[in-house]
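Chemist: Before I ask anything, here is the structure I am working with.
The values are calculated or read from the model by the stated rules, or taken from the named source; none is laboratory data. These numbers come from a predicted model, not from an experiment. Backbone-built Cβ (ideal geometry, glycine too); neighbour counts: all protein chains shown.
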Amino acid sequence: MNPLWLGLVLTAVKLVVVLAALLTMAAYMVWVERRLLARMQLRLGPNRVGWFGLLQPLADVIKMLAKEDTVPAQADRWVFLLAPAVTACMALLTFAVVPFGPPLSLFGQEVPMVVSDLNIGVLFFLGLSSLGVYGVALGGWASSSKFALMGAVRGLAQLISYELSMSLALVPVLMLAGSFSLSDIVAAQAEVPFVVYAPVSFAIFLVSILAESRRTPFDLPEAESELVAGYHTEYSGMRFGLYFVGEYINMIVLGALTTVLFLGGWHGPWLPGLAWFLLKVGALAFFFIWVRGTLPRLRYDQVMHLGWKVLLPLALVNLLVTAGILLGVRA
């Protein structure tokens, strides 16, 4: 087969497999979260539809599709209708640069286990993470609701606050790997994961992605005790479902990026590379759920204080210290 056509076919196959896997994992992450939170709170959780409630995600999808898709009379109709897709699409696109296993030998050539192995993968991730909040901002603004607008403003302020700390936490990783490519970063961790060399960066990045994904205790944009449901108050049916699914896809994608950047990606003893990758992503997803079931929601001023007065200065100091140490070691 012509190498060009072979490359196109392999890319298409990887796209279909990754998309199907992400959507399935996101659906069942909802089930896992509900079961885990139920165990933590001495409840049963979903257990009626299917064995141990395993068909509950399918029932939820059918329910969302069957519900009426309403649009507020005063809403900006087209922006209102398109905004939920922005959140889900940005999360899906981010995974395109995430390497999820060692290269395979196929048809006499090496096939990387990543949809698109960009040499600026980290910049691609940072760019899309900035664009993802447009789904929140546009949905809240277009809804013509004060509660939705307040949730959107909170989401934007949170993004600005924590994007800076997250980006600065990644600079030591880039200095250690000497590359913006996520595949090169994983290759540089073949012996020792970067969490050993940059534990402060790992802690800052972990807190920042919790805030970026708007998960408890940083779920201020949709605080139900204050804003009904925040930026998606006026949404119903499958458009609400897109916001909901987008959150869980984002949780998986951010867990995968943390695995690639700090935990050695697919590297590990005894088990196949893909198994190690999935185990690490699963452990981080469990951590996200554990945090949600343990910590109370922060006040809005506390969220801003943590971002601007704690994480940002800490990230700057960590960057300077790491740069100094690397300069001394390599001199």
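Chemist: For region 113-133, how many residues meet the condition of being surrounded by fewer than 18 Cβ atoms within 10 Å (Cβ to Cβ), part of a helix (DSSP H, G or I) and of a type in the set (Ser, Thr, Tyr)?
Modeler: Total meeting the criteria: 1.
Chemist: Looking for something surrounded by 23 or more Cβ atoms within 10 Å (Cβ to Cβ) and among the basic types (Lys, Arg) - is there at least one such residue anywhere in region 148-169?
Modeler: There is at least one residue in region 148-169 that is surrounded by 23 or more Cβ atoms within 10 Å (Cβ to Cβ) and among the basic types (Lys, Arg).
Chemist: What about Val196, is it buried (at least 22 other Cβ atoms within 10 Å of the Cβ) and at pLDDT 85 or above? Walk me through it before giving the result.
Modeler: Numbers: buried (at least 22 other Cβ atoms within 10 Å of the Cβ): no; at pLDDT 85 or above: yes.
No, not satisfied.
Chemist: What number of residues within region 16-31 are buried (at least 18 other Cβ atoms within 10 Å of the Cβ) and either over 10 Å from Tyr248 (Cα atoms) or without any contact (Cβ under 8 Å) to a residue 60 or more places away in the chain (or both)?
Modeler: The total comes to 2.
Chemist: Scanning region 228-280 for residues that are among the aliphatic types (A, V, I, L, M) and outside any helix (DSSP H, G or I), which turns out nearest to Val171 (Cα to Cα)? Lay out the reasoning, then the answer.
Modeler: Pass one, region 228-280, residues among the aliphatic types (A, V, I, L, M): 228-229, 238, 242, 245, 249, 251-254, 256-257, 260-261, 263, 271, 274-275, 278-279.
In the following step, the residues that additionally are outside any helix (DSSP H, G or I) were identified as 228-229, 263, 271.
Numbers: Val228: 38, Ala229: 35, Leu263: 16, Leu271: 30 Å.
This residue is Leu263.
Chemist: Let me ask you something else. Here are some residues: Ala12, Ala38. Which one is more than 22 Å from the chain's Cα centre (by Cα), of a type in the set (A, V, I, L, M, F, W, C) and at pLDDT below 80?
Modeler: Of the residues listed, the single one that is more than 22 Å from the chain's Cα centre (by Cα), of a type in the set (A, V, I, L, M, F, W, C) and at pLDDT below 80 is Ala12.
Chemist: Got a number for residues in region 137-148 being assigned to a helix (DSSP H, G or I) and touching a residue at least 12 places away in the same chain (Cβ under 8 Å)?
Modeler: Residues in region 137-148 being assigned to a helix (DSSP H, G or I) and touching a residue at least 12 places away in the same chain (Cβ under 8 Å): 8 in total.
Chemist: Could you please tell me which pairs satisfy a Cβ distance under 8 Å, a separation of 6+ or placement on different chains, a first residue in region 150-179 that is of a type in the set (Lys, Arg), and a second residue that is part of a helix (DSSP H, G or I) and surrounded by fewer than 17 Cβ atoms within 10 Å (Cβ to Cβ)?
Modeler: Arg154/Tyr300
Chemist: Being in contact with a His (Cβ under 6 Å, 6 or more places away or on another chain), among the small types (Gly, Ala, Ser), surrounded by fewer than 22 Cβ atoms within 10 Å (Cβ to Cβ) and more than 21 Å from Leu149 (Cα to Cα): is that true of Ala190 here?
Modeler: yes
Chemist: Continuing with this model, one more query. If I go through region 184-220 residue by residue, how many of them are closer than 22 Å to Gly101 by Cα and either assigned to a loop (DSSP other than H, G, I, E, B) or touching a Lys or Arg at 6+ places or on another chain (Cβ under 6 Å) (or both)?
Modeler: 6
Chemist: Sort out which residues of region 54-67 are over 24 Å from the mean Cα position of the chain (by Cα) and part of a loop (DSSP other than H, G, I, E, B), and write them in order of number. Spell out the reasoning first.
Modeler: Restricting attention to region 54-67, the residues satisfying the condition of being over 24 Å from the mean Cα position of the chain (by Cα) are 55, 59, 62-63, 65-67.
Hits for region 54-67 are Leu55, Lys67.
Chemist: Specify which of the listed residues (Thr322, Thr233, Thr294, Thr259) is among the hydroxyl-bearing types (Ser, Thr, Tyr) and under 24 Å from Leu58 (Cα atoms). Write out each step before concluding.
Modeler: Values: Thr322 fails: under 24 Å from Leu58 (Cα atoms); Thr294 fails: under 24 Å from Leu58 (Cα atoms); Thr259 fails: under 24 Å from Leu58 (Cα atoms).
Within the list Thr322, Thr233, Thr294, Thr259, the selection yields Thr233.
Chemist: Listed residues Ala211, Ala177, Ala137; which is among the small types (Gly, Ala, Ser), surrounded by 18 or more Cβ atoms within 10 Å (Cβ to Cβ) and over 30 Å from His267 (Cα atoms)?
Modeler: Sole residue among the options that is among the small types (Gly, Ala, Ser), surrounded by 18 or more Cβ atoms within 10 Å (Cβ to Cβ) and over 30 Å from His267 (Cα atoms): Ala137.
Chemist: Which numbered condition trips up Ala275, out of (1) within 20 Å of the chain's Cα centre (by Cα); (2) at pLDDT 85 or above; (3) buried (at least 23 other Cβ atoms within 10 Å of the Cβ)?
Modeler: Against the list (1) within 20 Å of the chain's Cα centre (by Cα); (2) at pLDDT 85 or above; (3) buried (at least 23 other Cβ atoms within 10 Å of the Cβ), Ala275 comes up short only on (3).
Chemist: Given the conditions (1) under 22 Å from Leu279 (Cα atoms); (2) of a type outside the set (Gly, Ala, Ser); (3) in contact with a helix residue (DSSP H, G or I) (Cβ under 6 Å, 6 or more places away or on another chain), report the number of the one that Arg39 does not fulfil.
Modeler: So the condition that Arg39 fails would be (3).
Chemist: I'm checking my understanding of the structure. Among residues of region 68-103 that are charged (D, E, K, R) and assigned to a loop (DSSP other than H, G, I, E, B), which one is farthest from Ser130 (Cα to Cα)? So that I can check it myself, show each step before the final result.
Modeler: Taking region 68-103 as the starting set, the residues that turn out to be charged (D, E, K, R) are 68-69, 76-77.
Subset that is assigned to a loop (DSSP other than H, G, I, E, B): 68-69, 76.
On the way: Glu68: 31, Asp69: 28, Asp76: 23 Å.
Among those residues, the one meeting the criterion is Glu68.
Chemist: Still on this structure, please answer the following. Determine the pairs where a residue that is farther than 12 Å from Leu242 by Cβ, located within region 69-92, has a partner that is surrounded by 14 or more Cβ atoms within 10 Å (Cβ to Cβ) and β-branched (Val, Ile, Thr) with Cβ atoms under 7 Å apart, the partner being 6 or more residues away or on another chain.
Modeler: Taking only residues 6 or more apart or on different chains, the pairs are Arg77/Val71; Phe80/Val71.
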